[in-house]
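Below you'll find the structure, written out as structure tokens, and then a few comments.
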Amino acid sequence: MAQDVEQQVIDLIARKKKLDPARISPASTFEELGLDSLDAADLIFTIEDTFKIVVPDETAQTMKSVGQVAAAIRTLMAASPGAA
Amino acid sequence: MRRVAVTGLGAVSALGIGIAPFWERVSTGVSGVRRIANFDATGFVAQVAAEVPGYDPAQHFTDAEQSLLDRFAQFALIAAGEACAQAGLTLTEAERDRAGVTIGSAMGGSVTQDQGYKRIYADGAVRLHPFTIPRIMNNAATSHVSMRHGLRGPALSIGTACAASAHAIGEAAEMIRAGRADVMIAGGADAPIAPGVVRCWEAMRVLAPAPAGDPSRACRPFSRDRLGLVLGEGAGILVLESWERATARGAAILAEIAGYAATADAAHITQPGVHAPVAAIARALAQAGLTPADIDYVSAHGTGTRLNDGTETTVIKQAFGAEARRLAISATKAVHGHAMGASAALECIATILAMRHGVAPPTANYTEPDPECDLDYVPNTARPMSIRAAISNSFAFGGLNAVLALKKV
């Protein structure tokens, strides 16, 4: 599961923003992908549901790229025994 | 003072989507009240409501749009689209700065709020969708209409409960009169048919229970056997323009908003008064340069509650004196329900169409005269008649009254 976190995040963003997932990489930033602040909040809401984690506000504020999102998910999943 | 022309109308209601089904059913007294379909109302006192029949958001909005729009804002956008199309509204960049929006809503995004509370209290969730606030906020309908149509002038949401869209139309007309705007999209929207909201209304003991047999007969304004109000939903939107702008561009003018007055009872939070509504009628007529003898038709607030309909009858008698018995009065809530913040706009639209078609719509479901309500309510059958001018009454909980005076063009 943890290995494909990046790919899952890429797929979620691709679906929400109707983008080609092949054009999204772990280095892609929200700005490059056209995610505004409301889109980011929406993405993090879906991530909480998908991975069964709670993303604290201070962590949410550090999520500005696909790689940062995936890293935060891994950290939160490791700290949360109930996570998917 | 400048004159105010109505150049576009749009409606979403229990009678269908669009002005055509709305007028067809208002003018023939065909009720849109049915058993509640939005949720399972088993065990509720009020198992009937005036819901928009067969509404499918996907026919009107993309998935991305739907995620940002509560049902009430969806209704507002659909009705505004129809009204703007009828008006043939095209605005230059400079004109956009002098074109605005006023939309009334009693409850805002109540379905979203209700679902959010269920998620927290019943389902134990700690996180709600991040679009929850933008969907719930009372000004969402105003903002979305402003964004969709590129209107950068004055934009307000008005929260005066059951009179909200009368205040919205009246205040929009005042802005045009005062030269603060040249075009205003004005009206109201609400979508309160959610379990939590219906329970709140039940607690007030003003909702009509489902009658045995035909649920469409639940709302019976001015009839002796009236049982209470029936909640409804929808949106009514008008395009208002300064008279000179409308005539200069050759727009078809549907009616004139000739007068408007707002007054407050300053007395009781729910019980309707008499003095302030009478004053509102008198001031609206005065602004329009009309006398009681000039008015042929009254669109009543007519909720179907025992208290409103009796009190409103007294109000009309005091305001019109000897002319009261000559007036054709109807309460169209019998067919489109009490659509809260959308009601007054739907009734204003019905009044405009009544003037244009020369037909007073009936008060449907009227069975029995009430000694307390002894005026001419056009019972059950539409009446062909010339309507030179009319008023539309709206009296909200909290004692906030709005009256619009309309002239035939």
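Derivation of every value follows stated rules applied to the coordinates shown; laboratory data play no part. Values in this document were obtained by computation on a predicted structure and should not be read as measured data. Every residue, glycine as well, gets a Cβ built from its backbone with ideal geometry; the counts of neighbours run over all protein chains shown.
Summary table below
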| item | result |
| --- | --- |
| In nm, spacing of pseudo-spin labels at A:LYS64 and B:ARG148 (7 Å Cα→C-beta vector) | 3.6 |
| Counted charge near B:ALA191, where neighbours are those whose Cβ lies closer than 10 Å (Asp, Glu -1; Lys, Arg +1) | -3 |
| Hull shadow area, averaged, the range B:4-248 [alpha-carbon convex hull, nm²] | 14.6 |
| 222 nm mean residue ellipticity, helices alone, for chain B (DSSP H n ≥ 4; -39,500 (n - 2.57); rounded to 500) | -10000 deg cm²/dmol |
| Per-residue Cβ neighbour rank within 10 angstrom, fewest leading, B:ARG127, B:ARG71 | B:ARG127, B:ARG71 |
| Cβ neighbours within 10 Å from other chains - mean over B:290-299 | 0 |
| Charge context of A:MET77, other residues only, Cβ under 12 angstrom, K/R +1, D/E -1 | +1 |
| Among B:GLY289, B:GLY250, B:GLY159: highest mean-square fluctuation, GNM of chain B, C-alpha pairs under 10 Å | B:GLY250 |
| Relative contact order, percent, chain B [alpha-carbon distance under 8 Å, six or more residues apart] | 24 |
| Counting DSSP beta bridges with both ends in the protein assembly as shown, the antiparallel % (nearest 5) | 70 |
| Exposure proxy ranking, count of Cβ atoms within 10 Å, fewest first, for A:SER80, A:SER37, B:SER165, B:SER343 | A:SER37, A:SER80, B:SER343, B:SER165 |
| Net dipole in debye of the protein assembly as shown [+1 Lys, Arg Cβ; -1 Asp, Glu Cβ; about Cα centre; nearest 20] | 920 |
| The range B:259-407, relative contact order [Cα under 8 Å, separation at least 6], % | 35 |
| Loop trypsin sites (Lys or Arg not before Pro), the range B:162-229, which have at most 10 other Cβ atoms in a 10 Å radius of their Cβ (DSSP) | B:ARG205 |
| Chain B: most fluctuating residue of B:GLY109, B:GLY16, B:GLY213 per GNM, C-alpha cutoff 10 Å | B:GLY213 |
| DSSP-defined antiparallel bridges as percent of all bridges, chain B, nearest 5 | 65 |
| Residue order, fewest to most surrounding Cβ atoms within 10 angstrom, among B:TYR366, B:TYR55, B:TYR121 | B:TYR121, B:TYR55, B:TYR366 |
| Shielding by other protein chains, B:126-132, mean Cβ within 10 Å | 4 |
| Residue-averaged beta-carbon neighbours from other chains (10 angstrom radius) around A:42-52 | 2 |
| Restricting the range B:308-403 to trypsin sites (Lys or Arg not before Pro) in coil, as DSSP defines it, with at most 16 other Cβ within 10 Å | B:ARG388 |
| Cα-based Rg of the range B:336-399 normalised by 2.2 N^0.38 Å, two decimals | 1.22 |
| The range B:79-102-the range B:142-193 distance, computed between alpha-carbon centres (Å) | 12 |
| For chain A, built as a Gaussian network whose Cα springs stay under 10 Å, the top-fluctuating residue of A:ALA41, A:ALA72, A:ALA22 | A:ALA22 |
